[in-house]
């Protein structure tokens, strides 16, 4: 849409410049994506602050404690208090570090996970970047996350961060392969790299030899049912990718002080923290999309959306039916993602840390062959059933 | 010669798979998470909830007054003498027309006090009592030297159930006791 003539025409016809600018913006193709970026871009950091709180309260409950319960209702605003503390702390840059890389590393920790979330479909129309190479783009960006850990460890120029950084690099590269291969099996079943297609494929029931089975098959259509081994491998590799327990080798506080972020303080440290949780959200969102049917709920979400659409007011300049549908879809999506994030927290406070050699053996000698075998099996299955 | 090789049991497939044990562990932590683990709610919410202190609890030492509102301390300095960490310092003064003295200055340095209770035990006048007060804080060292006024203030919070400070005046009590025993004179 050519904005300028419209703007001029509107200005002439009803006089109000602001109203016409407003109208032009709403009707332009930039309005919706910009709105999405604003909403989702702010939801993720909020979700992170919620997660930190959930982690602390959850771990406390698991250990029969109470956890932070003072700031706000149930201690919900604890993260904001912490943020305030981080902002006002002295930002120490040690004299022995490589200044450029040292400052770059925390930024790299945060940006890739946030970018990767742009490729994830939160609903039928709630998606920032609907690219055809969806999953590849997502992996390509999110695997940049390893650089933050590597650079942070390297630039700190001291031994524990370096050891943490080296471990992290080896670990993340090792598990990235198993992660990618298990995702590949899903893409084979879905027949598309586009994440939206992968989601829709999990909502339309089973198709065998071109024939769609009955409505019951919709309830068994999630990839976690069709790809159980792949899902387990993906989840385990996902834990390793995000450096979460039981794979938190890079930090391993009892061995390496704090690992790669030992030399970091104040807001730079907080950024690493934010990045770690954002990466957790990315893996959970991807798992939801690939294995748990994304924003779909056995077709029930369409029934609900239709009911809403029939009772929605006439479309003004805001399409209410679409808004409600978007909220509904992303609500389903985030419920699944949050459930998965709870599993992340739950596992962290249950399992002890792996030894480094166990970690490597699990990655290369168990998960990788397993995922390759499962890929082959899936290929055969798809060949027979299609 | 005598050593025994302990053969480790062969692990079953399920055990080597590791996942069943993980699930078992997670079931256990979930039980604690939902509060069925047994000890949920054991935490005391401190500023709102407080300990029920036992009767023998030794908090900040405090000075008490008698029924007429006169300080019982006669500045004999026994507590100052007995105090192991030398937290107490007393400067006596004499009172016009009365045999006994009273403290001009009675300071207890709470940074030195070890709450041993010797001062309470040694006091011949039952004038110093260990109170139930344990929340001691200050921003400077000077603030934590408790002066006479503060010590009387804390002493005034002691109820009959606490250290049972004898409210009866010493001479009156003596007279009563002597009267009961049928003793005359002083």
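Answer yes if at least one residue in region B:121-128 is exposed (fewer than 13 other Cβ atoms within 10 Å of the Cβ), in contact with a strand residue (DSSP E or B) (Cβ under 9 Å, 6 or more places away or on another chain), modelled with pLDDT of 90 or more and more than 11 Å from residue B:60 (Cα to Cα), and no otherwise. No: region B:121-128 contains no residue that is exposed (fewer than 13 other Cβ atoms within 10 Å of the Cβ), in contact with a strand residue (DSSP E or B) (Cβ under 9 Å, 6 or more places away or on another chain), modelled with pLDDT of 90 or more and more than 11 Å from residue B:60 (Cα to Cα). Out of all the residues in region A:289-299, is one or more in a helix (DSSP H, G or I) and surrounded by fewer than 23 Cβ atoms within 10 Å (Cβ to Cβ)? Within region A:289-299, none of the residues are in a helix (DSSP H, G or I) and surrounded by fewer than 23 Cβ atoms within 10 Å (Cβ to Cβ).
I'd like the full set of residues that are surrounded by fewer than 22 Cβ atoms within 10 Å (Cβ to Cβ) and within 18 Å of the chain's Cα centre (by Cα), limited to region A:198-230. Selection gives A:224 alone.
Considering only region B:66-81, I want to know if a residue exists there that is modelled with pLDDT of 85 or more and either at positive phi or within 14 Å of chain A (Cβ to nearest Cβ) (or both). Yes, the conditions are met somewhere in region B:66-81. Restricting attention to region A:127-168, the residues that are under 15 Å from the mean Cα position of the chain (by Cα), farther than 18 Å from residue A:193 by Cα and in contact (Cβ under 8 Å) with a residue 40 or more places away in the chain total 1. Restricting attention to region A:47-72, the residues that are assigned to a helix (DSSP H, G or I) and within 11 Å of another protein chain (Cβ to nearest Cβ) add up to 6. Just so you know, in region B:1-56 the residues that are under 30 Å from residue B:131 (Cβ atoms), within 14 Å of chain A (Cβ to nearest Cβ) and surrounded by 10 or more Cβ atoms within 10 Å (Cβ to Cβ) include one that is modelled with the lowest pLDDT, and it is B:43. Among the residues of region B:129-145, those that are touching a helix residue (DSSP H, G or I) at 6+ places or on another chain (Cβ under 8 Å), surrounded by 14 or more Cβ atoms within 10 Å (Cβ to Cβ) and either without any contact (Cβ under 8 Å) to a residue 40 or more places away in the chain or not in a loop (DSSP other than H, G, I, E, B) (or both) comprise B:129, B:130. Within 14 Å of another protein chain (Cβ to nearest Cβ), surrounded by fewer than 17 Cβ atoms within 10 Å (Cβ to Cβ) and modelled with pLDDT under 90: is that true of residue A:348 in this structure? Here the answer is no, as residue A:348 does not meet what is asked.
The values are calculated or read from the model by the stated rules, or taken from the named source; none is laboratory data. In this text the structure is predicted, and so the values were computed from the model without any measurement. Reconstructed Cβ throughout: ideal geometry from the backbone, glycine too, with neighbour counts over all protein chains shown.
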